[in-house]
1. Six or more apart or on different chains, Cβ under 6 Å: which pairs go from a residue in the stretch 106-127 that's open to solvent by less than 70 Å² (accessible area, probe 1.4 Å) to one that's part of a loop (DSSP other than H, G, I, E, B) and not β-branched (Val, Ile, Thr)? Could you list them?
2. Is it the case, given these coordinates, that residue 291 is over 23 Å from the mean Cα position of the chain (by Cα) and not charged (D, E, K, R)?
3. Across the stretch 140-161, what is the total count of residues that are over 23 Å from residue 320 (Cα atoms) and touching a helix residue (DSSP H, G or I) at 6+ places or on another chain (Cβ under 8 Å)?
4. If a residue has to be open to solvent by less than 20 Å² (accessible area, probe 1.4 Å) and assigned to a helix (DSSP H, G or I) to count, how many in the stretch 51-78 make the cut?
5. Among the numbered criteria (1) among the charged types (D, E, K, R); (2) over 21 Å from residue 271 (Cβ atoms); (3) open to solvent by less than 60 Å² (accessible area, probe 1.4 Å); (4) part of a helix (DSSP H, G or I), which single criterion is violated by residue 179?
6. Could you tell me whether residue 92 is open to solvent by 40 Å² or more (accessible area, probe 1.4 Å), of a type outside the set (S, T, N, Q) and touching a residue at least 12 places away in the same chain (Cβ under 8 Å)?
7. When you check residue 18 against the structure, is it modelled with pLDDT under 65 and of a type outside the set (Ser, Thr, Tyr), yes or no?
Amino acid sequence: MASSANPDLWSDLSDLSGADACAALLKVNADMFVAAPARDRESIETFEALALGFLPKADRTTLLEIARILAPCPDTPPSVLDYLLQHTPEARSIIPRHQPPPASLPDAMYLATPAGRVHLASQPHLDIVTIERILVLREEASEDILAANPAFPSSRPAFRQLVRSAIERPALARILLQRTDLTATHEACLYLAADRKRRRLIRERVAQTVAQGASLSFRLTEHDMAAFLAAAKDGDIARFERLLSEAFGFPVSAEWRILQIGRHLLLALALKALGFSDKDAARIFLTLHPALSYPLSAIRELVRETRGSSGAVALVIIEMILGVKAFSGESRAI
């Protein structure tokens with residue numbers, strides 16, 4: 001391999017965000033990389049970092065064009081080719097699969113850089129030690145690649161860590177929900193990121209699990225109900241969430257965050273599990289915070305959620321999302 005390429009040939013272009021600009025810059029830099037008279041290790045790594053930063057912003061047509069440009073070049077980073085193959089099925093006829101990473105380069109060197117970790121996460125064969133060493137860094141790019149990689153089976157204990165990360169990151173959850181090997185427990189954990197149809201299927205699957213074992217039921221007193229309604233009327237979210245934890249017997253450390261965007265359905269599930277009537281649940285949606293009731297479609301979705309779940313199923317999903325078990329004070333493993 002030649003070793004005199006200019007490392008500044010591909011400059012930092014991270015301040016540009018327009019889709020058309022990104023596509024144009026990606027193609028220009030790919031052309032420059034292929035046409036370079038020499039490519040040393042530094043220039044290859046620079047291009048690799050730039051490409052992996054811009055490829056997620058490119059559309060399918062652009063990805064296919066980039067594949068055509070880079071496929072003939074023997075110095076194209078394997079991580080870039082792997083990304084193109086995973087996200088552009090048409091590229092399989094362009095990019096040969098006989099370009100493995102250099103045998104002389106140990107995994108430790110790949111683990112040292114973000115681009116290298118993405119490369120490792122995309123491999124068709126993954127050992128558990130490498131997976132764990134990637135996951136411990138909590139990097140979104142490598143987590144996303146691992147989530148889509150069938151070489152990382154859901155039966156692995158480390159897969160639980162990926163699912164727990166997905167509870168906090170909807171984009172990762174949506175990638176995981178495309179897999180076909182998820183257990184009912186995994187799906188329950190990812191419930192908040194699912195669309196309406198998928199949530200219904202998850203509830204049905206969880207219901208089959210609930211039917212096989214005992215389930216808790218709640219009987220709140222009028223005083224308890226009044227306390228919830230009063231906290232909602234005052235907009236006191238801290239008191240409301242404290243009442244939820246007390247009612248379920250969850251530890252005080254349980255993180256409800258029911259007003260966080262993407263977690264509103266957790267409130268609907270909680271009210272269903274506690275046995276609130278549709279009328280009282282609607283009163284809470286209308287008073288606790290305006291974000292729950294505006295626009296009108298928002299409150300309709302919450303009401304639909306309370307009507308679509310059984311209390312037992314709602315409780316299981318809540319336990320899985322929060323990682324705690326009712327009346328035990330313990331964390332609930334997934």
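The values are calculated or read from the model by the stated rules, or taken from the named source; none is laboratory data. Every value quoted in this text rests on a predicted model; they were computed, and no experiment measured them. Note that we place each Cβ from the backbone using ideal geometry, even for glycine, and neighbour counts take in every protein chain shown. Please note that ligands, DNA and RNA were not included when accessible areas were found on the heavy atoms of the full protein model with its side chains. Shrake-Rupley method; radii C 1.70, N 1.55, O 1.52, S 1.80 Å.
1. 126/151; 126/152
2. On the way: over 23 Å from the mean Cα position of the chain (by Cα): yes; not charged (D, E, K, R): yes.
Here the answer is yes, as residue 291 does meet what is asked.
3. The first filter runs over the stretch 140-161 and keeps only residues over 23 Å from residue 320 (Cα atoms), leaving 141-142, 145, 149-151.
Remaining after also requiring touching a helix residue (DSSP H, G or I) at 6+ places or on another chain (Cβ under 8 Å): 141-142, 145, 149.
So the count comes out to 4.
4. Total satisfying the criteria: 8.
5. (4)
6. Values: open to solvent by 40 Å² or more (accessible area, probe 1.4 Å): yes; of a type outside the set (S, T, N, Q): yes; touching a residue at least 12 places away in the same chain (Cβ under 8 Å): no.
The answer is no for residue 92.
7. Working: modelled with pLDDT under 65: yes; of a type outside the set (Ser, Thr, Tyr): yes.
In short, yes.
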